[in-house]
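To start, the structure under review is shown below, and the notes come after it.
Taken together, the values in this text are just the output of simple stated rules run on the coordinates, not laboratory data. Not measured: the values here are computed from a predicted model. All Cβ positions, even for glycine, are placed from backbone atoms using ideal geometry, and neighbour counts span all protein chains on display.
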Amino acid sequence: MAGSSQRQPSIDDVEAAVETIIEDLRADGGRVTTGRRAIIRSLITASNHHVTADELVARVQVDHPDVHRSTVYRTLDALEELGVIRRIVLGTTGGAVFHLVDHQHHHVVCTECGSVLEVSSGTLASALTQIEADTGWAVEGGHAVISGTCPSCRARDLNP
């Protein structure tokens, strides 16, 4: 995904993050299984911080072919309820991606080709503050999706 320049976490960092999330699941009365551990680990190590449920199923089933698609969906629902992940619809395809809430950023989505660019939270902070001032709304600044046309599509449209 364009705009992603995060380094991969170390094995120790991954395992610590997995254990933190597992403890949250346990505290909420959730079951902790090998499959759930694999799903959480896959979310944490996703290289672009965004993964669809189908991508997650494929990633997990490489090492754990016995983990069923429904287990992935139920785990995603449980993690979303706990506030560990956020479900986001990007673009016009209607497909959702999931990412950890501790990786705060916004998205710019090309309405022509569907490419996605991550934008740091600080980039939109003043705009969100201005929206609150202008409207009186309490804006949840955790995530925004802005639609537009990427440079490649703009260049193609200008030079048919």
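Axis angle, to the nearest 10 degrees, between helix 69-82 and the longest C-alpha principal axis of the chain: 70 degrees. For segment 105-158, the relative contact order comes to 46 percent (Cα pairs under 8 Å, sequence separation of at least 6). Ordering SER147, VAL14, SER120 by the projection of their Cα atoms onto the charge dipole of the chain, which places +1 on the Cβ of Lys and Arg and -1 on the Cβ of Asp and Glu, puts SER147 at the extreme positive end. Simple point charges give the picture: +1 on the Cβ of Lys and Arg, -1 on the Cβ of Asp and Glu, and for segment 105-158 a dipole about the Cα centre of about 220 debye.
Can you sort SER126, SER42, SER152 so the residue with the fewest Cβ neighbours within 10 Å comes first? Could you put the intermediate results ahead of the total?
On the way: SER126 9, SER42 22, SER152 12.
The most exposed by this proxy come first: SER126, SER152, SER42.
Whole-Hz Karplus values for segment 12-28 come out as 5, 5, 4, 5, 5, 5, 4, 5, 4, 5, 4, 5, 4, 4, 4, 4, 8 Hz, taken residue by residue from phi with 6.51 cos²θ - 1.76 cosθ + 1.60 and θ = phi - 60°; glycine and proline positions read x.
The Kirkwood radius of the chain, taken over pairs of alpha-carbon atoms, gives through the Stokes-Einstein law at 25 °C and 0.890 mPa s a diffusion coefficient of 141 µm² s⁻¹. Normalising the Debye intensity of segment 105-158 to I(0), with uniform scatterers on Cα atoms only, and taking log10 at q = 0.16, 0.22, 0.29 Å⁻¹ returns -0.56, -0.81, -1.05. For the chain, a Gaussian network of Cα nodes joined below 10 Å ranks VAL97, VAL108, VAL62 by mean-square fluctuation, and the top entry is VAL62.
For the chain, the mean residue ellipticity at 222 nm estimated from helices alone is -15000 deg cm²/dmol, where every DSSP H run of n ≥ 4 contributes -39500 (n - 2.57) and the total is divided by all residues, rounded to the nearest 500. Between THR52, THR149, THR129, which gets the highest mean-square fluctuation from a Gaussian network model of the chain, Cα cutoff 10 Å? In the Gaussian network model the winner is THR129.
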